[in-house]
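Here the structure is laid out as structure tokens; the discussion comes afterwards.
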Amino acid sequence: MIEVEGLSLDIGALPILRDVSFRIGAGEVFGLVGESGSGKSLTALSLMRLLPAGAAVRGSVRLEGRALFDLSEAEMCALRGAAIGLISQEPMTALNPVMTIGDQVAETLLVHGRAGRAEARRLAAAKLARVGLGEVPPDRYPHELSGGQRQRVAIAAAVALRPRLLIADEPTTALDVTTQAQILALLKGLVAEEGMSLMLITHDLAVVAGMADRIAVMQGGRIVEQGPTGAVFRALGHPYTRQLFAASEHVPDRIPHRGGDVLLEVRGAVRDYRLPRRSPVGAHPVLRAVRGVSFTLRRGESLGLVGESGSGKSTLARAILGLEPLQGGQILLDGAPVRAGDPRMQVVFQDPYGSFNPRHRVGRLVAEPFHAAGRPPDAAARVAEALEAVHLSAADAQKYIHEFSGGQRQRIAIARALITRPELIVLDEPVSALDVSVRARILDLLAELQERFRLSYLFITHDLAVVRAITDRVLVMRAGEIVEEGETAAVLDAPRHPYTRELVAAAPAIPTDWRGERRHG
Amino acid sequence: MLRHALSRLISLGLSLAVASLVIFLVIEVIPGDPAAYMLGMNASPDTVAALRRELGLEGSLAERYLGWVAGMLTGDFGTSYTYRVPVAQLVADRLEVSLPLALYALALSTAIALPVGILAAARRGRATDYGIIGATQLGIAVPNFWFAMLLVLVFAVQLRWFNAGGFPGWEAGLGAGLKALTLPAVALALPQASILARVLRSALIETLGQDYIRTARARGLTEGQALRRHALRNALIPVLTILGLQFSFLLAGAIIIENVFFLPGLGRLIFQGITQRDLIVVESVTMLLVAAVILVTFLVDLAYAWADPRLRRRA
């Protein structure tokens with residue numbers, strides 16, 4: 001179907017891909033696995049010849065016998081969308097915000113001259129219905145849809161002309177687990193129905209395990225190992241594959257904690273948002289984001305808060321930090337109402353880069369909580385101490401944030417949280433944006449710091465594997481309410497609430513019988 | 001869409017009310033007697049008193065404000081002290097020149113900027129792009145009156161295609177009127193077109209880097225199709241903003257160009273009003289210009305919602 005032989009790519013003087021070779025058979029699902037920067041996405045763009053300026057490719061790509069690198073740009077345009085379809089990672093940005101979803105699907109048919117305007121519109125509506133958007137009118141704009149719905153639109157546009165190869169680049173990374181399961185099922189169904197081949201690019205071993213017939217593992221622009229999925233997982237022949245596997249299943253060494261006395265107490269917390277008025281004179285409609293939530297967090301305990309986007313978990317976290325007023329209930333830290341800037345409570349966010357001012361040195365960034373808490377005389381020594389606690393060096397205080405990698409930035413964010421010697425750290429998806437191996441090391445660090453400084457964690461995430469790895473107890477939140485609560489292992493192994501069961505079932509997992517005697521970590 | 005328009009309309013009304021109050025109060029709080037100020041040092045008390053009556057300076061503050069607003073609403077802007085004609089008529093005469101000139105210049109500026117901006121964005125980083133960047137830099141840097149003089153030298157003095165100045169009036173025919181406005185419109189449009197082309201170029205380049213452009217290319221669109229069908233409309237918001245600002249500027253800011261070409265426009269009217277201390281003219285024309293700016297802002301707001309569905313609220 002498609003044969004890639006000795007594909008190499010340079011962008012400017014930078015080597016990106018080296019001697020990449022693989023074949024995908026008709027109707028086959030091929031998984032391309034690797035961490036960020038391994039060259040997975042650029043492999044896909046090379047096949048489509050949509051590379052950035054300054055890119056130079058060598059080698060050959062043959063799609064059903066046609067050498068793609070010999071085709072003219074006009075011939076490539078005729079091929080793209082018709083013979084090869086592409087779905088990209090970010091459903092939020094992959095659709096044109098000022099064009100209706102129906103028009104974007106119809107456009108695929110129109111630019112290839114496969115249908116007239118009315119016919120294209122009719123076919124687009126049919127395709128949208130096929131991907132499960134039968135209830136959504138085609139004249140809607142992307143911003144009126146959820147992330148999962150947008151990804152369905154992108155899929156409808158990519159498969160409108162029944163391409164023989166569909167490339168899906170991290171199609172579910174930005175989505176919730178239950179949505180991810182639905183999108184993966186949709187892709188599987190389309191592959192079976194249309195007999196097309198699917199190239200699934202992902203960093204998530206569990207996702208490919210459930211989807212791919214064959215996989216290839218990429219590292220530093222090379223394919224280090226490839227073969228039938230089951231065989232690769234059982235053998236774990238290459239050290240890098242083994243390392244990836246170990247990291248994705250990594251559980252840090254930590255002593256489970258029953259907790260001491262109550263540190264944080266949330267009593268019937270309610271948070272309402274005022275929505276825009278429907279008419280100029282009417283009252284504001286109210287959205288109740290948090291509906292009477294109660295729980296306690298004990299000293300030294302690590303408590304998970306699980307929920308999908310829109311469940312109200314981030315709103316609750318902000319309320320705990322004293323950043324959102326409550327319309328009902330109370331949140332008490334050590335018996336007193338929480339207030340913003342309390343030195344006993346700090347936060348670490350998902351996107352470490354977005355939470356740092358790029359114009360300040362790391363030393364000043366780490367010392368930021370002192371603005372609210374008051375600057376102690378030994379501030380510089382405290383900064384050095386915090387940086388060393390997260391295994392960076394005191395000299396790093398003089399550098400700027402862009403000089404650090406994603407994992408190091410998250411370490412700096414943790415150092416910033418440690419600077420006031422807090423008792424509670426709220427971690428809002430702290431490892432979601434990180435690669436598996438980096439994630440494993442950050443989880444280790446968090447476990448170590450908890451032990452060393454007797455910290456309590458409120459760990460907010462949508463990732464059940466992370467919850468299992470680092471929390472003692474877990475709260476499952478849905479639509480502003482806590483639907484289940486209990487010891488982490490008990491809740492995840494034997495969920496009682498239907499929603500928790502749904503979450504656990506939706507989480508992709510590597511089949512247990514593939515985990516052979518070579519299993520590490 | 002309708003609700004968006006309605007809410008914008010309410011804010012338009014409020015802006016107008018606030019603006020009129022501010023303009024009225026500014027004239028009021030100027031120290032001293034406006035009538036005495038207008039007549040100068042040697043005026044007799046009788047003349048000043050007569051002018052005060054004429055200016056409507058008798059009565060309470062609120063009475064005078066409401067009288068002024070009511071007058072404007074019925075088309076009565078008072079009578080110019082220096083010209084001895086109703087201000088409404090004076091303004092109408094000048095608008096006959098200024099409004100077509102502003103629209104002409106705006107149309108020219110858009111007609112130049114659109115293709116130039118698109119070309120530069122499509123050829124970004126190449127020689128054409130650098131050439132356009134250089135040319136637009138020059139267009140922004142060189143003052144428009146210098147352009148105006150250059151145009152007069154070349155097209156009026158040397159080639160004799162156009163008159164060097166003056167306006168025959170629309171009675172002389174549409175062609176003759178437009179011909180008289182062509183050189184001033186070009187002089188006004190060139191710097192505006194340079195700004196607009198640059199804004200369009202950078203907005204387009206930013207848009208072309210977006211994911212959805214790549215998605216569109218992956219569906220089989222050529223680079224040009226992706227630019228025209230996807231990038232252009234997304235790049236429109238900053239362009240609309242600049243267009244709105246430019247229209248307001250062109251309507252009243254053409255004083256120098258009007259002087260270079262001896263055009264009886266609005267800009268010259270304000271200038272004369274100020275030098276001759278004709279406060280009635282200044283007050284009314286200022287109010288009119290403010291109203292025009294607010295109206296244009298309103299139209300630009302509506303255009304935003306047309307260009308970007310995210311700004312519309314679905315009822």
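Below, the figures for the structure above:
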{"quantity": "Nonlocal amide H pairs with A:I215, under 5 Å, H built at 1.01 Å", "calculated": "A:G31, A:G227, A:T229"}
{"quantity": "Rounded if a/c under 1.5, otherwise prolate or oblate - the range A:414-521, Cα gyration tensor axes", "calculated": "oblate"}
{"quantity": "Interchain or long-range residues, amide H under 5 Å from A:G486's placed H", "calculated": "A:V474"}
{"quantity": "Tensor-based shape of the range A:65-223 (alpha-carbon gyration tensor, a/c under 1.5 rounded, otherwise prolate or oblate)", "calculated": "oblate"}
{"quantity": "Given 15 as the ceiling on other Cβ atoms within 10 Å, longest exposed-site-free region of chain B for chymotrypsin sites (Phe, Trp or Tyr not before Pro) in DSSP loops", "calculated": "B:1-160"}
{"quantity": "With Cα atoms, 0 to 90° folded angle of helix B:174-208 axis to chain B main axis", "calculated": "50"}
{"quantity": "Rounded to whole Hz, the Karplus (6.51, -1.76, 1.60) HN-Hα couplings of the range B:294-307, x for glycine and proline", "calculated": "5, 5, 5, 4, 4, 5, 5, 4, 5, 5, 4, 5, 5, 6"}
{"quantity": "Angle between chain B longest axis and helix B:127-141 axis [Cα atoms, degrees, rounded to 10]", "calculated": "10"}
{"quantity": "Cleavage-rule hits, GluC sites (Glu not before Pro), the range A:40-98, DSSP coil, Cβ neighbours within 10 Å at most 14", "calculated": "A:E64"}
{"quantity": "Around A:S355: net Lys/Arg minus Asp/Glu count, Cβ-Cβ under 15 Å", "calculated": "+2"}
{"quantity": "HN-Hα J in Hz across the range B:74-90 - Karplus 6.51, -1.76, 1.60, θ = phi - 60°, x for Gly and Pro", "calculated": "9, x, 9, 9, x, 10, 5, 6, 7, 8, 6, 10, x, 4, 4, 5, 4"}
{"quantity": "Candidate lysines for bridging to A:K40, where Cα separation is under 26 Å - those fewer than 8 sequence places away on the same chain excluded", "calculated": "A:K188"}
{"quantity": "Surface/4 estimate of mean projected area, convex hull on alpha-carbon atoms of chain B, nm²", "calculated": "21.6"}
{"quantity": "Residue order, fewest to most beta carbons within 10 Å, for B:V296, A:V286, A:V105, A:V426", "calculated": "A:V286, B:V296, A:V426, A:V105"}
{"quantity": "Under-5 Å amide H pairs with A:L166, H placed in peptide plane, nonlocal only", "calculated": "A:G85, A:S197, A:L198, A:M199"}
{"quantity": "Sorted by Cβ density within 10 Å, fewest first, the residues A:D444, A:D253, A:D472", "calculated": "A:D253, A:D444, A:D472"}
{"quantity": "Net charge over other residues, Cβ less than 15 angstrom from the Cβ of A:L503 (K, R count +1; D, E count -1)", "calculated": "-3"}
{"quantity": "Shielding by partners, peptide A:353-365 (average Cβ within 10 angstrom, other chains)", "calculated": "0"}
{"quantity": "Derived scalar couplings ³J(HN,Hα) [the range A:24-35; Karplus, 6.51 cos²θ - 1.76 cosθ + 1.60; whole Hz; x for Gly, Pro]", "calculated": "10, x, 4, x, 9, 9, 10, x, 10, 10, x, 8"}
{"quantity": "Normalised per residue, the volume of the convex hull around the Cα set of the protein assembly as shown (Å³)", "calculated": "237"}
{"quantity": "Simple label model, 7 Å out from Cα along Cβ direction - B:A172 to A:D10, nm", "calculated": "6.7"}
{"quantity": "Overall form of the range A:50-91 per C-alpha gyration tensor (a/c, 1.5; a/b vs b/c)", "calculated": "oblate"}
{"quantity": "Separation between Cα centres of the range A:425-477 and the range B:180-252, rounded to whole Å", "calculated": "47"}
{"quantity": "Proxy reagent accessibility, fewest Cβ within 10 Å first, across B:V85, B:V239, A:V290", "calculated": "B:V85, B:V239, A:V290"}
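The numbers here are math on the coordinates, done by the rules we state, and not lab data. Owing to the predicted nature of the structure, the values given are computational and were not obtained by experimental measurement. Please note: Cβ atoms are built from the backbone with ideal geometry, for glycine as well, and neighbour counts cover all protein chains shown.
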